[in-house]
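The structure appears below as structure tokens.
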Amino acid sequence: MSFSISSAQPILSNHSFSKDNNLIGIVSLPGKMAKFKLIGQNAHLFKLNGNKLYIEDEAIKPNIQYYDLTIRALTSSGQQEQTFRLVHDEFIKNRVIAHRGSWKNTGASENSIAALEFAIAMGCQGSEFDVHMSADSVLVVNHDPTIQGKTIHDTNASELLSLKLASGENMPSLESYIKAGMTQNKTKLILEIKPTVKRERAIKLSHKVMELVQRLKAQAWIDYISFDYDICLELLRMDPNARVAYLNGDKSPEILAKDKLWGLDYNQSVFQKNPDWIAQAKEKGLTINAWTVNDPKLLQFFLDQKIDFITTNEPELLLKMTVK
């Protein structure tokens with residue numbers, strides 16, 4: 001059995017714009033030569049120069065969070081089109097990633113929508129969360145492969161989504177979680193795809209996640225992470241522009257760069273065992289994240305190393321440290 005996203009759709013190298021740079025990104029059609037045309041009610045706010053997509057200066061307004069734009073690809077065999085949500089880039093860059101949301105000091109449950117909302121409200125750069133797939137192929141947000149004695153991959157979504165978390169909130173579906181995150185353009189959503197029981201199921205899970213992100217037009221918000229290297233590579237096969245980082249810590253920056261990953265996202269101990277990997281990753285142009293760092297001395301160490309992100313259960317503390 002195979003699972004695939006159609007490659008005959010336009011893709012973009014970037015999905016945001018800012019007042020400092022009106023070049024959004026490169027439009028392409030994987031595996032095909034194409035000419036591109038902008039269509040729809042917002043087409044006049046953008047322009048194409050070859051395959052480079054720009055936003056008109058007058059369209060960049062403080063009160064506009066995003067525009068939806070449809071791009072049509074014309075090829076010798078027909079045409080395909082895709083609608084993208086192009087987001088005003090006001091995303092925070094303070095390196096603080098709330099691990100499973102902000103829950104430890106807020107009373108929210110880990111991986112809940114409330115924990116996400118707390119992370120957004122306090123101004124974190126990103127909020128990390130974990131994704132599994134139910135027995136009937138629905139994507140749900142939970143850290144462990146089990147919850148309240150139920151194994152997620154053996155349980156239907158209707159049963160899982162009716163479960164109450166410790167805070168009284170229902171276990172969220174991935175769709176509801178992403179939609180909650182898309183109401184703002186300050187905090188990124190750090191989507192971890194959890195390893196699963198078989199490679200075929202892992203590939204299907206990867207495709208279901210990518211299909212949902214594309215359907216919701218959520219690309220600007222989502223960074224992907226996984227311990228499963230096959231999942232990382234499959235995400236990049238489906239969308240070469242996806243921001244994908246690897247978690248497991250067993251591959252050097254050289255290997256990740258060769259495979260065109262966006263970054264390495266390793267446990268703090270990996271960097272202590274391989275102190276030269278931070279410099280190597282910077283040289284290769286990879287983003288660097290350390291997890292899960294809670295000790296103040298280690299937080300300061302990684303801040304001093306000027307890595308891109310630090311995942312922590314203490315976002316309040318790290319936020320205070322970043323504004324010193």
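The values are calculated or read from the model by the stated rules, or taken from the named source; none is laboratory data. The shown structure was predicted, so the numbers you read here are calculated from the model rather than taken from an experiment. FYI the Cβ positions are ideal-geometry reconstructions off the backbone, even for glycines, and counts take in every protein chain you see. When the accessible area is computed, the model is the full protein with side chains, heavy atoms only, and any ligands, DNA or RNA have been set aside. Shrake-Rupley method; radii C 1.70, N 1.55, O 1.52, S 1.80 Å.
Only residues that are surrounded by 15 or more Cβ atoms within 10 Å (Cβ to Cβ) and either in a strand (DSSP E or B) or in contact with a helix residue (DSSP H, G or I) (Cβ under 7 Å, 6 or more places away or on another chain) (or both): list them for the range 253-277, please.
253, 257, 261, 263, 264, 265, 266, 267, 268, 271, 277
Go through the residues of the range 104-120 one by one and say whether even a single one is open to solvent by 20 Å² or more (accessible area, probe 1.4 Å), over 29 Å from residue 304 (Cα atoms) and touching a strand residue (DSSP E or B) at 6+ places or on another chain (Cβ under 7 Å).
Scanning the range 104-120 turns up no residue that is open to solvent by 20 Å² or more (accessible area, probe 1.4 Å), over 29 Å from residue 304 (Cα atoms) and touching a strand residue (DSSP E or B) at 6+ places or on another chain (Cβ under 7 Å).
Output the residue which, of all residues in the range 156-201 that are more than 15 Å from the chain's Cα centre (by Cα) and among the hydrophobic types (A, V, I, L, M, F, W, C), is farthest from residue 101 (Cα to Cα).
197
Can you tell me which residue in the range 65-99 is nearest to residue 40 (Cα to Cα), limited to those that are assigned to a loop (DSSP other than H, G, I, E, B), at pLDDT 95 or above and open to solvent by 40 Å² or more (accessible area, probe 1.4 Å)?
Here the answer is 65.
Residues are listed down the side, and each one gets a yes or a no for (1) under 22 Å from residue 194 (Cα atoms); (2) of a type in the set (Lys, Arg); (3) touching a Phe, Trp or Tyr at 6+ places or on another chain (Cβ under 7 Å):
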position	(1), (2), (3)
53	no, no, yes
57	no, no, no
64	no, no, no
105	no, no, no
132	yes, no, no
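Would a scan of the range 44-55 turn up a residue that is out of contact with any Ser or Thr (no Cβ under 9 Å at 6 or more places or on another chain), part of a helix (DSSP H, G or I), over 30 Å from residue 321 (Cβ atoms) and open to solvent by 80 Å² or more (accessible area, probe 1.4 Å)?
yes
May I ask you to list pairs of residues, at least six apart or on different chains, whose Cβ atoms are under 9 Å apart, with the first in the range 179-199 being within 16 Å of residue 214 (Cα to Cα) and of a type outside the set (Gly, Ala, Ser) and the second being assigned to a helix (DSSP H, G or I) and open to solvent by 10 Å² or more (accessible area, probe 1.4 Å)?
Here the result reads 179/216; 182/216, each pair linking the range 179-199 to a residue that is assigned to a helix (DSSP H, G or I) and open to solvent by 10 Å² or more (accessible area, probe 1.4 Å).
Only one residue in 209, 213, 197 is among the β-branched types (Val, Ile, Thr) and more than 25 Å from residue 83 (Cα to Cα). Which one?
197
Of the conditions (1) more than 21 Å from the chain's Cα centre (by Cα); (2) outside any helix (DSSP H, G or I), residue 58 clears all except one; give me its number.
Only one criterion is unmet by residue 58, namely (2).
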